[in-house]
């Protein structure tokens, strides 16, 4: 093949790459963002489960009642990627006062304001994730 034929073929592959690359990279970033969303949902679910366990064990101990601050700190301590500024308890979390007695039901329900890494799709900012755990107070 002569020199002009090679140059024309390399130009063809460059044009094909220019058509395919943006679609490929958008799909790749979408898969990464979806995985991150699932990870944050898992972290929130695990954190609320750990906070409910904390409330179950420390329900009405002599040192004081279970507080919302203690539950939120338990969630932050038991997870690796949740930020406390985006975490909020719902009105269903409790009861806090009077102290939960052994045998009573304690509900832990939190919401997390998930913000995607990429703002490529308008309207997909600030996705609210929520998780709920319910336990019987043991002590």
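Here are some notes:
- The residues in region 58-68 that are surrounded by fewer than 16 Cβ atoms within 10 Å (Cβ to Cβ) and either modelled with pLDDT of 90 or more or in contact with a strand residue (DSSP E or B) (Cβ under 9 Å, 6 or more places away or on another chain) (or both) can be counted, and the count is 1.
- Within region 100-123, restricting attention to residues that are at pLDDT 80 or above and part of a loop (DSSP other than H, G, I, E, B), the residue that is surrounded by the most Cβ atoms within 10 Å (Cβ to Cβ) is 100.
- Across region 87-110, the number of residues qualifying as under 16 Å from residue 50 (Cα atoms) and either over 13 Å from the mean Cα position of the chain (by Cα) or without any contact (Cβ under 8 Å) to a residue 60 or more places away in the chain (or both) comes to 10.
The values are calculated or read from the model by the stated rules, or taken from the named source; none is laboratory data. Since the model is a prediction, treat every value here as computed from it, not as a measurement. All Cβ positions, even for glycine, are placed from backbone atoms using ideal geometry, and neighbour counts span all protein chains on display.
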